[in-house]
Amino acid sequence: MTAQALTILRNAGAEELAHPGGTLLAHLQRVSALLASWGARPALVSAGLCHAFYGTDGFPVTLLDLEHRAELTEAIDAEAEALVYFYASCDRASSYLGLTDDRSEFVDRFTGTRMCPSLEARQDFAELTAANELDIAAISPELRNRHGADLLDLFTIAARSSRSPCRRRPPP
């Protein structure tokens, strides 16, 4: 975790934003720590810390507008910021089921652009998704009970694309 990224998160109000299990900042730190515990490379660990900067399809709060991407790039590097953008831009309804298919289109919800991500991009996305959702499921029995079947389907899809130890860990 970079001190600069944490400063940007705090300045954007992540410490005060409610999120399952406490605050958004606490969630982001747990996701990053989980990725690190799986042995993820540094760029993916940094992306875990910052994955909600631009909002997501499931958590629409924006901490940093897209026109300020250079600010996040400076804090965590270009590779990690690109992972943050990729994660945030996912149109989940159009993209989740294609995580394991290298011919499936990924839909960027910000631009409407359709693309076929590389294997590495899909693996990164799968691992970040798994870490994010596992953290929420572990923290919130209510959400786990309400969305457990959907999460199991998602984890099954994500595990096919993942290269990390998250493949061997059952959902909570």
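The values are calculated or read from the model by the stated rules, or taken from the named source; none is laboratory data. All figures in this text were calculated on a predicted structure; none of them were measured in a lab. Here Cβ is always computed from backbone atoms with ideal geometry, including for glycine, and neighbour counts include all displayed protein chains. Side chains included, ligands, DNA and RNA excluded: accessible areas come from the protein's heavy atoms. Shrake-Rupley method; radii C 1.70, N 1.55, O 1.52, S 1.80 Å.
Going by amide H atoms built from the backbone, whose H comes under 5 Å of the H on residue 106, apart from near neighbours?
115, 116
Quick check: with the 1.4 Å probe, what order do 111, 56 take by accessible area, largest first?
111, 56
Give the accessible area for residue 118 in Å² (nearest 10); use a 1.4 Å probe, count only protein heavy atoms, and leave out ligands, DNA and RNA.
Here the residue's solvent-accessible area equals roughly 70 Å².
Leaving out ligands and nucleic acids, note down the accessible area per residue over the stretch 20-86 with a 1.4 angstrom probe, in whole Å².
37 Å²
Loop only by DSSP, 14 or fewer other Cβ within 10 Å of the Cβ. Give me the trypsin sites (Lys or Arg not before Pro) in the stretch 15-105 that pass, ordered by residue number.
In loop regions of the stretch 15-105 (DSSP not H, G, I, E or B), the sparsely surrounded trypsin sites (Lys or Arg not before Pro) are 103.
Taking amide hydrogens as modeled 1.01 Å from N in the peptide plane, which residues meet the under 5 Å criterion relative to residue 19, leaving out close sequence neighbours?
24
If you place +1 on the Cβ of every Lys and Arg, -1 on the Cβ of every Asp and Glu, and leave all else neutral, what size is the dipole of the stretch 28-114 about its Cα centre, to the nearest 20 Debye?
320 debye
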